[in-house]
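**Student:** Below is one structure. I have some questions about it.
The values are calculated or read from the model by the stated rules, or taken from the named source; none is laboratory data. Keep in mind the model is a prediction, meaning the values are calculated, not measured. Because the Cβ atoms are built from the backbone with ideal geometry, glycine has one as well, and the counts that use them run over all protein chains shown. Ligands, DNA and RNA are stripped out before the accessible areas are found, and what is left, the full protein with its side chains, is counted by its heavy atoms. Shrake-Rupley method; radii C 1.70, N 1.55, O 1.52, S 1.80 Å.
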Amino acid sequence: IRLVSSLCIQCNESHCSDCSKLLHNKKGKRGNHDIIKTEQCIQCEFQVGCKYCFTCKDNYCDTCFTDQHAKGMLQRHDFKPLLPVCEECNQRVARQIILDQDDDKTNHDDNPDNNNHDNNLLENGNHSPTTSSIHGVTNGDDNGTIVSLGTIGTVGKDGVMIGGNDRIKGKKVCDTCAINLKDGNKYIKLIKLPYWPYKVDEYLAQKALELEKRLLEEEFLKKKREALEKKALIEVVRIQKVWRSYHCRKINYLFIIERKKWFKQRKLDDKIRALLSYKVKLIFGFAPKLISDTMVETILKKYPTWSYNFIIDIVNSDWQECYNMVIEQEKYIKNRKFKYYVPPNFTNLYKIKQYD
């Protein structure tokens, strides 16, 4: 026979080492179950440990602890229970729990004369408890200091009734106290308590604490990641602003330089525009093209001044397309080396003799 060495919390079963490994294989469905080691008595090495001695620093079962700490200074050793303690004697480990009493009543309960007789005994000062009146047993002392639990309750040596059926319901008792209660009242229902040491509750509390801590860490990491992403986005926008501002400043700088060159060239070309010969040629549409001419000037210069209004109405503010047409026409004439300039099709009314 192998001794129990581990407890599975999910299965609520105790197993030996071999059975625990067999049932809780890592590849099976029980592989993720929580298993804790059971405490064995250091003395008998057979029973589970019920008490931990702080001075001896060992675990003992009820029998071995009482035997080892019965004499001398050992009686002063402090201990802590490893399992729920009997609520009746407060000495041994609770093995059973009281559920309820059966619905069947005894002849004593069905007979009101017996109940009246018991009440009369209490009223007359006869405080000696009887088995028929309380369905319980005494502690064996002649003075009747306390009577164990029963259908009615507990009777002290002064005859006062203490508690009742509700007081014993759900109470955890050891095997010895369970036998005494059962002997005193055969209608009490008792069931075995599962092996559930305080170590399991501590383990579950620690596990819940670790889970809460892990969730907090995950939440912290999530918020940190979101903050870093937000910060990175802000940095990206800042870099884009710097780059775009630099690019815009560069473009504006080049534009300003070109504009300054154009104004400088414009001042030089204004001297040519002030000549009488240039003005005469401009009137008849023979004025030469100057470097500082604007797009509108380049188009209108090809036609006599009296047709300007007509050209403006035809172009209808689409000067860029008209300018491109003129430039393509000039390139074509230059490549073909024509002696005469053919104006664009949108005029088709005037013929200019020679292209200068």
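**Student:** D183 is checked against (1) in contact (Cβ under 8 Å) with a residue 24 or more places away in the chain; (2) under 30 Å from E13 (Cβ atoms); (3) acidic (D, E) and fails just one. What number does that condition carry?
**Tutor:** (2)
**Student:** May I ask you to say which residue of A178, A232, A227 is in a helix (DSSP H, G or I) and within 30 Å of L83 (Cβ to Cβ)?
**Tutor:** A178
**Student:** I need the full set of residues from region 161-212 which are open to solvent by less than 70 Å² (accessible area, probe 1.4 Å), modelled with pLDDT of 80 or more and of a type in the set (S, T, Y), in order please.
**Tutor:** T176, Y195
**Student:** State the number of residues belonging to region 17-57 that are closer than 22 Å to V93 by Cα and not basic (K, R).
**Tutor:** Total satisfying the criteria: 19.
**Student:** Residues of region 84-94 being assigned to a loop (DSSP other than H, G, I, E, B) and either in contact (Cβ under 8 Å) with a residue 12 or more places away in the chain or among the charged types (D, E, K, R) (or both), which ones? Step through it out loud before you land on a result.
**Tutor:** Keep residues of region 84-94 that are assigned to a loop (DSSP other than H, G, I, E, B), which gives 84, 86-92, 94.
Scanning region 84-94 gives P84, C86, E87, E88, C89, Q91, R92, A94.
**Student:** Still on this structure, please answer the following. Tell me, which strands (runs of 3 or more DSSP E) wholly within region 17-83 include 1 or more residues that are open to solvent by less than 50 Å² (accessible area, probe 1.4 Å), without any contact (Cβ under 8 Å) to a residue 60 or more places away in the chain and hydrophobic (A, V, I, L, M, F, W, C)?
**Tutor:** Result: 51-53.
**Student:** A further question follows. Taking the condition modelled with pLDDT under 90, open to solvent by 40 Å² or more (accessible area, probe 1.4 Å) and hydrophobic (A, V, I, L, M, F, W, C), does F286 pass?
**Tutor:** yes
**Student:** Quick one: is I97 modelled with pLDDT under 90, assigned to a strand (DSSP E or B) and not aromatic (F, W, Y)? Break it down into steps so the answer makes sense when it comes.
**Tutor:** Working: modelled with pLDDT under 90: yes; assigned to a strand (DSSP E or B): yes; not aromatic (F, W, Y): yes.
Answer is yes for this residue.
**Student:** When the residues of region 289-334 are narrowed to those that are of a type in the set (F, W, Y) and under 25 Å from K261 (Cα atoms), which ends up most open to solvent (accessible area, probe 1.4 Å)?
**Tutor:** Step by step, filter region 289-334, then rank; the result is Y323.
Residues are listed down the side, and each one gets a yes or a no for (1) of a type in the set (G, A, S); (2) over 30 Å from R2 (Cβ atoms); (3) touching a helix residue (DSSP H, G or I) at 6+ places or on another chain (Cβ under 7 Å); (4) at pLDDT below 90:
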site: K27; (1), (2), (3), (4): no, no, no, yes
site: R30; (1), (2), (3), (4): no, no, yes, yes
site: F46; (1), (2), (3), (4): no, no, no, yes
site: T55; (1), (2), (3), (4): no, yes, no, no
site: Y60; (1), (2), (3), (4): no, no, yes, no
site: D67; (1), (2), (3), (4): no, no, no, no
site: L82; (1), (2), (3), (4): no, no, yes, no
site: P112; (1), (2), (3), (4): no, yes, no, yes
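**Student:** Just checking, how many residues over region 268-294 are of a type outside the set (A, V, I, L, M) and part of a helix (DSSP H, G or I)?
**Tutor:** Residues in region 268-294 being of a type outside the set (A, V, I, L, M) and part of a helix (DSSP H, G or I): 9 in total.
**Student:** List every residue pair whose Cβ atoms sit under 8 Å apart, with the two residues 6 or more apart in sequence or on different chains, where the first one lies in region 264-288 and is hydroxyl-bearing (S, T, Y) and the second, anywhere, is surrounded by 15 or more Cβ atoms within 10 Å (Cβ to Cβ).
**Tutor:** That search, which allows pairs on different chains as well, returns Y278/A287.
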